[in-house]
Structure formats: C-alpha cells, structure tokens
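One structure below.
Please treat every number below as a calculation from the coordinates, not as lab data. Model, not experiment: these values are computed from the prediction. We place every Cβ from the backbone using ideal geometry, glycine too, and count neighbours over all the protein chains shown.
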Amino acid sequence: MPIITYREAVARGLREGLTEDERMFILGEDVGSYGGAYAVTKGMLKEFGPRRVIDSPLSESAIVGVCTGAAMGGVHPVAEIMTINFTLVAMDQIVNHAAKIRSISNGQYHAPLILRTVTGGGAQLAATHSQSLEPWFASVPGLKVVTPATPYDALGLFRAVREEEDPVVFVEHILLYSTRGEVPDARYVVPLGKADVKRKGIDFTLVAYSRMVQVALAAAQALEEHDVDCEVIDLRTLRPWDKETVLESVKRTGHCIVVEEAWRTGGFGAEVAASVQEEVFDSLDGPVGRIGGADVPIPYNRDLEQLAIPSSERVIQAVRAALNK
Amino acid sequence: MMTTYRIVEELDKKTLHSYYRQMQLIRTFEERAGVEYMHGKVRGFLHLYIGEEAIAVGTMASLQPQDYVATHYRDHGHALAKGVPANAIMAELFGKATGTTGGMGGSMHIFDKSRNFAGGYAIVGGQMPIAVGLAMASAYLQENRVTVCFVGDGALQEGEFHESMNMASLWKLPVVFVCENNLYGMGVPVSQSLAKRDLYKLAEAYEMPSVQIDGMDVLAVRQTMQEVVDYARAGKGPYFVEAKTYRFRGHSMADPQEYRTQVEEQRWEMKDPIHTYKDWLVEHGFATEADLATMDLSVEDEVQKAVQFAEESPNPPASALFKNVYA
C-alpha cells in the first residue's frame with residue numbers, strides 16, 4: 001500500500017474537495033502565495049486560482065465569521081486558522097456564532113463550515129504558540145471536533161467532514177505533518193464519531209487522540225517487556241466522542257489511562273475518566289488515570305518543554321504503577 | 001423633512017402611504033411589546049426601535065426580495081420592514097412555538113429565511129463578518145444579491161468592525177453597512193467611546209465610499225439607500241452609511257435612563273420620523289387625515305391580533321431543547 005505523509009493526506013483531501021465541490025474554497029492566512037504555513041496548501045493557488053484559494057488579511061475573527069456567513073449563504077468554505085492558539089481571537093465567532101446558527105435560527109439557517117487548525121507543542125515555539133485547546137471546542141454544543149492522528153485518518157476524516165452540514169473543527173497537529181502512514185489509492189471514508197482501536201490488547205486500555213496516540217503506541221510497545229498487553233484507542237473524534245468503544249474496552253481490561261497533550265486540569269481526559277467510572281465502575285480494577293500536559297504555560301527551553309508534554313516514559317511508569325508491575 | 005426629494009417622482013401614492021403604515025406598524029408593535037414586557041409576557045432583554053423607524057423602512061424599500069439583511073439585537077423594526085409577520089415576531093417575544101424561531105432565539109435573534117432575514121445578533125458587531133460572508137457567498141455564486149448589515153454606533157468600536165470593513169473593501173463585496181448612530185451605546189455617549197467624530201468618515205480608512213444621512217427622514221433614507229444599494233448591486237463594492245437617529249426609549253427595558261437630558265430627548269422627539277412624515281404627506285397632498293387614520297386603525301388591529309396570536313400559541317415542547325443540536 002502507498003505510504004504518504006500526514007501533510008500529503010490533508011492536501012489530498014483538500015484537492016479532492018476543491019475538484020469535486022465547486023462551492024468549496026479555502027480561506028486563511030498565507031494559504032495561497034506562501035503555500036501554507038505548514039506547506040499543506042503548497043501549489044494550490046496555482047492549481048485552483050485565487051477564487052478558490054484565498055489569502056486572507058490577518059483577521060481571525062473575520063476569517064471565521066465571514067466563512068460562517070458564506071456557509072449560511074450557500075457555499076462550502078474551508079477556513080484555516082493558522083494555529084489553534086490563534087483561534088482565541090476568533091472564539092466569539094466560533095462559539096457564539098458558527099456553533100449556534102442552526103439552533104438559534106431554529107433550523108432555518110445552517111453553516112457547513114470546515115474550520116481547519118493546528119494544535120500541539122514540542123517545537124520550542126513558547127507559550128503562545130504551543131497550546132492544545134481542542135478540549136475547549138469539544139465542550140461546545142454545536143461544534144464537531146475531529147483530531148486525526150494518522151495520514152489514513154486525516155484523509156478519511158476530511159472526506160467525511162465534507163459531508164457535514166454544520167461546523168466542524170478539524171484539528172491537525174504540528175508535529176504530525178511529516179509522519180508517514182499507509183493510505184490506499186482507492187476511495188475510503190473514516191466516519192465521524194467513531195474511535196479506532198489502533199492496537200488490540202487485554203491488560204490495559206490507553207485512550208488517546210492526536211499526537212498522543214503515537215506516544216501511547218510507543219508506550220504499549222515498550223510495556224510488552226513488562227508483560228503488559230495494552231489496548232490503544234484513538235478517539236479520532238472528540239465531539240461527539242465514541243464512548244461505546246472505550247467502555248467496551250475497559251470492560252475487558254479493567255484498567256484505563258487517558259493520554260492527551262492538552263492541560264491535564266479540565267482536559268478531555270477528565271470527560272473520558274468521569275464517563276468511564278460512571279458507566280463501567282464495576283469493571284474497573286483501579287481508578288481511571290489521566291496523563292495530560294503540565295498545567296503550565298509551555299516554556300521555550302527544550303528540556304523544560306519536553307517536561308511539559310506527556311512522553312511514552314510517563315505513560316509506561318503510570319501503567320506499571322497502576323498494575324504494581 | 002425636506003421640501004422635495006428626487007425619489008418621490010418614482011413613488012406612487014400607495015407606496016408613499018406604505019412607508020407611513022410600516023413605520024406606524026413598527027411604532028405600535030414596539031410600544032405594545034414594551035407593555036407586554038411590563039406584564040411579564042416578554043422576558044429577558046427587549047430593545048425597542050422607537051424613534052428609528054425611518055431607517056428600517058427607507059432601507060428595506062430600496063431592496064429586492066432576494067437581498068439579505070443581517071442586523072443587531074434591536075431587530076424587530078428591521079424584521080417587520082422586511083415583511084416578517086408581526087404575529088410571528090410577537091409570538092417569538094412571548095417564547096412560543098409559533099415564533100420566528102420557535103421560542104429558541106427570542107427578541108434578539110429574529111430569523112426568517114423565507115424573507116432572507118438572516119438574523120438579529122446579540123453580540124455587538126458579531127453580525128458584521130457574517131454579513132460580509134453572506135455577500136461573499138452571493139458574489140462567489142454570481143447571484144444578484146446585496147447584503148445590508150445594520151450596526152449601531154457601538155459596533156464601530158469593536159475589532160470586528162475593522163476586520164469586516166477591511167475585507168469587504170479589499171474584495172469589493174456587495175455589502176452595505178448601515179450604522180444607526182443613536183448617539184449612545186448603552187449609557188455612554190458615542191463621543192466618549194469613539195475618537196472619530198463623524199462616524200461615516202471611518203470608512204475612508206478602508207477606501208470605502210460613505211455618506212451621512214438624516215435617519216429621522218424616511219424619504220431621505222429611501223433616496224440615499226437606493227443609490228447605495230444600486231452601487232453595491234452593480235458590483236462596485238461596499239458602501240458605508242451613517243444614519244443619524246435617536247432612540248426615544250432606553251437602551252433596553254432594563255435601562256434606568258439616567259444619562260440623557262430631558263431637553264435633548266424633547267429636541268429629538270420634535271423630529272419624530274412618523275409625525276414629520278405624516279405632516280409632509282398631508283402638506284404635499286399625498287394623504288388626507290382620513291387616509292392616515294385608516295392606516296392607524298389597521299395597524300392597531302394588526303398588533304392587537306399579533307398579541308392575541310402570541311397569547312394563544314403553545315409553548316415549545318420539552319423535546320425542543322435538543323432539536324437542531326447535532327453535536
């Protein structure tokens with residue numbers, strides 16, 4: 001099977017969209033002439049022209065608001081906010097407007113808006129450029145939130161997102177762009193709201209999303225030496241999240257740790273942990289653990305930054321401690 | 001009112017009467033909404049358009065049915081002028097299932113897609129990028145459609161004003177911004193909130209044409225808005241209109257109104273858009289007192305029926321809570 005990068009997978013999804021859906025255009029900062037801040041849209045301005053690949057002024061709030069209004073008016077915009085850190089400027093349009101158009105108009109209007117952005121740290125970009133804010137969006141009724149961790153899922157989810165009639169926050173990860181994975185040439189779709197068991201196991205359930213899926217998989221591999229067979233679940237969609245797959249897994253393993261890059265306090269792990277203990281308490285042989293980003297603004301210094309982001313070593317330690325191994 | 005208007009040559013008596021009736025409908029509706037609010041039938045926030053009627057009526061009369069309107073939370077007048085039924089708006093204020101959004105939006109969020117009324121919005125300035133987006137869609141789809149975006153003087157202080165004006169002008173989008181400058185945000189005069197004195201001149205920063213008009217004069221509004229809307233419709237780009245006006249009531253029903261002087265209020269009430277237009281109609285032989293009285297009665301009846309309709313309508317069911325919430 002062909003192997004491509006995560007970046008190429010997203011780009012393929014966008015090209016398919018632009019080719020197959022006349023109503024689609026990409027609007028964001030530096031998506032055109034610059035080729036995309038992360039080179040995702042490289043070449044697309046030349047290929048599709050300035051009507052379909054639109055360089056925006058530096059106005060995040062208006063990028064989201066204009067794309068919301070445009071979606072209400074019958075087109076299918078892909079708004080790009082360069083990094084999830086910059087979505088903060090646009091929060092009013094995302095939460096108060098895009099997310100509420102269908103419900104507040106009682107279904108008269110809806111906004112098929114695809115909001116692409118990039119999360120995560122680890123590139124020494126310091127506190128305002130290294131955050132993982134996707135759990136915040138995952139709390140908002142009216143938004144769907146997807147967090148693909150692999151090229152296969154990135155392309156498959158984008159295809160599914162194209163069919164959505166309401167806003168979706170499509171969260172890529174800064175350190176995943178160059179990662180590689182198998183992606184078939186034949187057309188396939190990854191459905192929203194469905195988690196993926198990336199590694200089957202019987203002793204422990206690790207729940208993760210985005211880049212932390214790779215961290216969890218690395219930990220699972222290493223834990224084999226300690227005679228622990230981990231199941232790794234990639235949530236893929238945070239809102240709505242696939243509770244059934246997680247609960248079914250915990251019923252079998254009896255143990256669960258959630259691994260995420262977002263701040264531990266109030267992170268998505270809290271939602272998963274609370275749900276697991278609410279619904280399959282009797283299956284648990286120990287408390288549900290959460291490994292999240294350190295509750296700090298992320299520093300520039302390399303070693304300090306690495307301390308702030310969960311590593312496979314931390315996951316290994318936590319699993320072994322939970323099992324007294 | 002001025003002595004002559006070019007636009008009058010294009011308008012027949014019936015049309016001239018309709019402007020009076022529409023303004024009177026808005027006035028009567030708003031006054032009644034205020035009363036129903038005091039009776040506890042309308043809850044939450046209620047922002048009345050009393051005194052500003054000429055802007056909504058003069059503007060909508062310059063539009064075609066397919067044109068979009070997005071506005072702020074003082075939106076009943078705009079909705080009525082766009083043809084949204086008084087019944088449905090009153091029912092919405094009462095929170096009923098028969099309201100414009102089935103009780104989900106309330107006073108600040110009147111929507112009627114069938115009439116291209118794309119919302120009242122409660123976040124100051126929030127409607128601006130959305131209006132620009134609606135215009136962008138129209139241009140992209142090559143539709144013959146103009147978007148009118150109403151804003152208050154307060155919205156000009158928000159960052160989204162800057163972003164929206166910039167994009168609209170850069171991309172020459174078919175959007176007309178109508179700033180209803182009633183001289184106050186909530187309780188702070190615009191002179192203490194905005195460094196620019198002549199608000200319409202802010203458009204110059206974006207190379208956007210602009211004009212200031214007398215928002216108390218329905219024919220002046222009608223005349224200028226036709227030119228401005230035609231400009232946008234011809235694909236020449238956006239326009240910014242500052243309409244000077246005054247709200248005769250407080251910011252909302254909750255406003256203790258301690259920040260304006262009686263003298264100022266009285267001075268503006270002498271420019272009441274409905275009274276002055278009425279005098280103009282009679283003086284220029286376009287209407288008799290009997291014509292006007294007939295319209296007044298018809299409006300009273302319409303508003304009374306709207307209240308009755310709202311009273312008799314059912315509440316939405318509990319299941320409505322999760323309707324239209326897809327995630």
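Cross-link pairs exceeding 24 Å between alpha carbons, from the set A:Lys144/B:Lys41; A:Lys46/B:Lys172; A:Lys42/A:Lys100; A:Lys200/A:Lys243; B:Lys113/B:Lys271: A:Lys144/B:Lys41; A:Lys42/A:Lys100; B:Lys113/B:Lys271.
Within region B:171-275, DSSP assigns beta bridges of which about 10% are antiparallel (rounded to the nearest 5). Subtracting the Cα-Cα distance of B:His284 and B:Ala97 from 0.36 nm times their residue separation leaves 62.8 nm of extension gain.
Legend: translational diffusion of region A:196-323 by Stokes-Einstein, Rh = Kirkwood radius over C-alpha pairs, 4 °C, 1.567 mPa s; D = 90 µm²/s. In region B:1-137, one over the average inverse separation of all distinct C-alpha pairs is 15.6 Å, which is the Kirkwood hydrodynamic radius. Sorted ascending by nearby beta carbons within 10 Å, beginning with the fewest, B:Met253, B:Met60 become B:Met253, B:Met60. Here the contact order of region A:3-182, divided by its residue count and restricted to Cα pairs under 8 Å and six or more residues apart, works out to 26 percent.
Calculated over chain A, the projected area of the Cα convex hull averaged across directions stands at 16.4 nm². Computed from the C-beta positions of B:Gln257 and B:Val211 and an R0 of 45 Å, the FRET efficiency is 0.90 to the nearest 0.05.
Using r as the Cβ-Cβ distance of B:Lys236 and B:Ser298, and R0 as 45 Å, what FRET efficiency do you calculate, to the nearest 0.05? Once the sixth-power term is evaluated, E becomes 0.70. Taking Cα atoms only, the orientation of helix A:212-223 departs from the longest principal axis of chain A by about 20 degrees.
Here the spin labels are modelled as points 7 Å beyond Cα on the Cα-Cβ line, and at B:Glu227 and A:Glu165 they lie 4.4 nm apart. Out of every Cα-Cα pair that the protein assembly as shown contains, those further apart than 33 angstrom amount to 52 percent. Residues considered: A:Ala274, A:Ala219, A:Ala71. Largest GNM mean-square fluctuation over chain A, using C-alpha springs under 10 Å, is found at A:Ala274.
Entry note, chain A: relative contact order of 16 percent, from Cα contacts under 8 Å with a spacing of 6+ residues.
Of the residues A:Leu238, A:Leu88, A:Leu27, the one that moves most in a GNM of chain A with alpha-carbon contacts below 10 Å is A:Leu88. Principal-axis analysis of the Cα atoms of chain A puts helix A:151-162 at an angle of about 50° to the longest axis. The length gained by stretching the chain between A:Ser33 and A:Gln221 to full extension, at 0.36 nm per residue less their Cα-Cα distance, is 63.4 nm.
Taking every alpha-carbon pair under 8 Å whose residues sit at least 6 apart, chain B reaches a relative contact order of 24 percent. Within straight-line reach of B:Lys278, meaning a Cα separation under 26 Å, sit the following lysines at least 8 residues removed in sequence or on another chain: B:Lys13, B:Lys14, B:Lys82, B:Lys244, B:Lys305.
Among the GluC sites (Glu not before Pro) within region B:235-299, those in coil by DSSP and having at most 12 neighbouring Cβ atoms inside 10 Å are B:Glu258. Summing charges over neighbours of A:Ile81, with a neighbour being any other residue whose Cβ is under 12 Å away from its Cβ, gives -4 when K and R count +1 and D and E count -1. When you filter the GluC sites (Glu not before Pro) in region B:136-165 for DSSP loop state and at most 10 other Cβ atoms inside 10 Å of their Cβ, nothing is left. Here region A:3-182 is treated as a sphere whose radius is the Kirkwood value from Cα pairs; by Stokes-Einstein at 25 °C and 0.890 mPa s it diffuses with a coefficient of 153 µm²/s.
Region A:282-325 and region A:16-74 have Cα centres lying 38 Å from one another. Calculated FRET efficiency, B:Phe322 to A:Lys243, Cβ-Cβ distance, R0 = 22 Å: about 0.80 to the nearest 0.05.
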